[in-house]
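The values are calculated or read from the model by the stated rules, or taken from the named source; none is laboratory data. For clarity, every value in this text was computed on a predicted model and none was experimentally measured. No Cβ is skipped: glycine too gets one built from the backbone with ideal geometry, and neighbour counts run over all protein chains shown.
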């Protein structure tokens, strides 16, 4: 039984590595999805600043047309001066001109603000494009690393699978069956160390006489509380 216990410990070590490799491999799809989300966010951010620029440019074109229309209106008002017959009409015309000039001044102010927005948006696009390029390089590097990790994990799992088959083949079928059942029900942890008269699997105290027997490492002894197989490291 001492040899069987040693083989079980070996099998547990292999299964622990297989479990770790499998969990790591299972995390890869989410890592890849996170990279794609980063890529999409970068694209969306760039599109947003481009839309801001286009909107500001369109608004400026509209205000440029408004300014031109205002200038034409003022010219037409001034051209009517020869048609004025009395002071009342003259004062009314001056009022209209003043109003139109105020409107033009407000439009000019809008245009200045829009020009600042356009400059800021253009600078933001340059920054966003640079950021997107840097992010894409980083994403590509991480994708390459993930692909390499996947290949490495596949290789490790293949090798560990062979090691597991070899170890399992040397274990008594009844003992292996017990191990397999526990493997499924105990979260992959079956063979555990007895420390300080306690099971390191469930942390419950082991009866003194049981602990004495466990310390000998000569037989298959289960924890009376969780059923895991116990061994002792001297």
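Exactly one of (1) in a helix (DSSP H, G or I); (2) farther than 30 Å from residue 156 by Cβ is unmet by residue 85. Its number?
Going through (1) in a helix (DSSP H, G or I); (2) farther than 30 Å from residue 156 by Cβ one by one, residue 85 breaks only (1).
Considering region 186-212 alone, what residues qualify as being touching a strand residue (DSSP E or B) at 6+ places or on another chain (Cβ under 7 Å), surrounded by fewer than 17 Cβ atoms within 10 Å (Cβ to Cβ) and under 14 Å from residue 234 (Cβ atoms)?
Correct list: 193 only.
Determine the pairs where a residue that is surrounded by 11 or more Cβ atoms within 10 Å (Cβ to Cβ), located within region 76-103, has a partner that is outside any helix (DSSP H, G or I) and at pLDDT below 90 with Cβ atoms under 8 Å apart, the partner being 6 or more residues away or on another chain.
90/84; 93/84
Any idea which residue in region 119-159 is surrounded by the fewest Cβ atoms within 10 Å (Cβ to Cβ), counting only those that are touching a residue at least 24 places away in the same chain (Cβ under 8 Å) and within 18 Å of residue 21 (Cα to Cα)?
Checking each candidate, the answer is 154.
With the checklist (1) touching a helix residue (DSSP H, G or I) at 6+ places or on another chain (Cβ under 9 Å); (2) at pLDDT 95 or above in hand, flag the one item residue 218 doesn't pass.
Of the numbered conditions (1) touching a helix residue (DSSP H, G or I) at 6+ places or on another chain (Cβ under 9 Å); (2) at pLDDT 95 or above, the odd one out for residue 218 is (2).
Taking region 172-218 as the region of interest, how many residues are over 25 Å from residue 17 (Cα atoms) and in a loop (DSSP other than H, G, I, E, B)?
Final tally of qualifying residues: 6.
Among (1) surrounded by 14 or more Cβ atoms within 10 Å (Cβ to Cβ); (2) in contact with a helix residue (DSSP H, G or I) (Cβ under 8 Å, 6 or more places away or on another chain), which single condition is residue 106 missing?
Looking at each condition in turn, residue 106 falls short on (2).
Yes/no matrix, rows are residues, columns are (1) assigned to a helix (DSSP H, G or I); (2) at pLDDT 95 or above; (3) within 30 Å of residue 4 (Cα to Cα); (4) not assigned by TED's automatic domain parsing to the domain that holds residue 37:
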| site | (1), (2), (3), (4) |
| --- | --- |
| 77 | yes, no, no, no |
| 96 | yes, no, no, no |
| 107 | yes, yes, no, no |
| 113 | yes, yes, no, no |
| 148 | yes, yes, no, no |
| 154 | yes, yes, yes, no |
